[in-house]
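Novice: Shown below is the structure under consideration.
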Amino acid sequence: MKLPFKLNPKFFKKFPSFILASSDPCLIYKSDSDSKSMAMRSIRLGGTFKTTCISRYINTINLLQSYCTPKSKILDIGASDGSASLSGIHGLSYSEYIVSDKYLFLHSIKLLGLYFIFTDRLKFQMAFNSFFVLYRSSWLAWFFRLFDFLYYNKAKRNSKKVSLLRDEVIAIDNVSVLEFDMFRPKNIQADVVIVANILNRSYFTDEALNSLVLYFLRDISRPGGIVALIDNRAEKGENSSILHNDGHAFTLLERVGDGSDVEHIFLNLESLN
Ligand SMILES: C[S@@+](CC[C@H](N)C(=O)[O-])C[C@H]1O[C@@H](n2cnc3c(N)ncnc32)[C@H](O)[C@@H]1O
């Protein structure tokens with residue numbers, strides 16, 4: 001059973017200095033060299049974690065290079081803070097690389113010694129101090145509802161807005177940033193679509209994933225384009241499927257490891273019609 005809280009791995013090191021609690025939610029793991037991505041391990045908004053790291057799916061990027069040209073438009077969906085995108089940004093050819101995520105910003109406010117996090121669309125999602133993080137899960141729903149009731153309106157007026165993107169990602173030429181929810185139709189059409197560590201069965205039901213496929217085929221991926229479904233969470237290693245969009249259906253071009261565990265949903269499009 002998953003617990004609705006996490007301890008900061010630096011808890012015991014920090015214990016004597018608890019009075020110096022971090023004041024910035026993105027620096028909760030302040031002492032780590034890659035502090036922003038480390039903080040992403042703890043941030044969960046609307047049911048999905050923002051966990052990420054650098055060089056996360058390098059084998060897939062190596063394969064993708066042969067499908068990219070200097071004219072390619074690349075769309076990276078669910079890029080979190082852009083850490084994992086950096087290998088594509090530096091290793092692929094393109095005219096435009098779009099780093100996108102459903103949540104590019106969050107708001108934070110300190111209430112009764114805890115930092116609470118929320119977004120423009122979601123009420124309080126997490127609460128933390130330097131030692132632990134509490135999540136809005138079934139166990140603690142009552143606690144968050146109480147704080148929503150008492151403080152949410154005040155928080156909307158007084159909160160601090162925090163960008164979740166790494167500064168160096170925003171500063172690179174030909175890289176743009178887009179707040180993009182893949183479940184909300186938007187005709188965006190890229191030549192190469194990268195979806196890493198987000199389209200999987202722990203986050204979404206098969207029904208939700210099925211509903212996405214036609215939309216990916218028609219609105220997100222350009223006919224003749226490529227979609228890379230990548231999954232390398234935890235100990236399973238790097239598994240990905242590189243698919244081709246022929247305008248009517250997806251076909252499999254290549255796999256890394258065992259491929260994505262949602263590959264068949266994209267390949268069995270007929271069953272949806
Ligand atoms: C586990 S992280 C993966 C980050 C990065 N792609 C990687 O592989 O390291 C999942 C990301 O997907 C984003 N996300 C969740 N639902 C989404 C949606 N409907 N549309 C776009 N992004 C979404 C989350 O905000 C989060 O940043």
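The values are calculated or read from the model by the stated rules, or taken from the named source; none is laboratory data. Everything numeric here is computed off the predicted structure, so don't read it as measured data. Glycine also receives a Cβ, built like all others from the backbone with ideal geometry; neighbour counts cover every protein chain displayed.
Novice: Show me the strands (runs of 3 or more DSSP E) found entirely inside region 171-246 where at least 1 residues are within 14 Å of the ligand (Cβ to nearest atom) and more than 18 Å from Gly91 (Cα to Cα).
Specialist: The qualifying strands (runs of 3 or more DSSP E) are 175-179, 221-231, 239-245.
Novice: Tell me, yes or no, whether region 148-161 has at least one residue that is part of a loop (DSSP other than H, G, I, E, B) and of a type in the set (Lys, Arg).
Specialist: no
Novice: State the number of residues belonging to region 78-102 that are within 10 Å of the ligand (Cβ to nearest atom) and out of contact with any helix residue (DSSP H, G or I) (no Cβ under 8 Å at 6 or more places or on another chain).
Specialist: Going through region 78-102 one residue at a time, the tally reaches 5.
Novice: Does region 178-232 hold any residues that are surrounded by fewer than 18 Cβ atoms within 10 Å (Cβ to Cβ) and hydroxyl-bearing (Ser, Thr, Tyr), and which are they?
Specialist: Ser202, Tyr203, Thr205, Ser211, Tyr215 - these are the residues of region 178-232 that are surrounded by fewer than 18 Cβ atoms within 10 Å (Cβ to Cβ) and hydroxyl-bearing (Ser, Thr, Tyr).
Novice: With Tyr115, Tyr152 as the choices, which residue is aromatic (Phe, Trp, Tyr) and in contact (Cβ under 8 Å) with a residue 40 or more places away in the chain?
Specialist: Tyr115
Novice: Do we have any residue at all in region 141-151 that's touching a Lys or Arg at 6+ places or on another chain (Cβ under 8 Å) and outside the structural domain of Ala196 (by TED's automatic domain parsing)?
Specialist: Yes, some residue in region 141-151 is touching a Lys or Arg at 6+ places or on another chain (Cβ under 8 Å) and outside the structural domain of Ala196 (by TED's automatic domain parsing).
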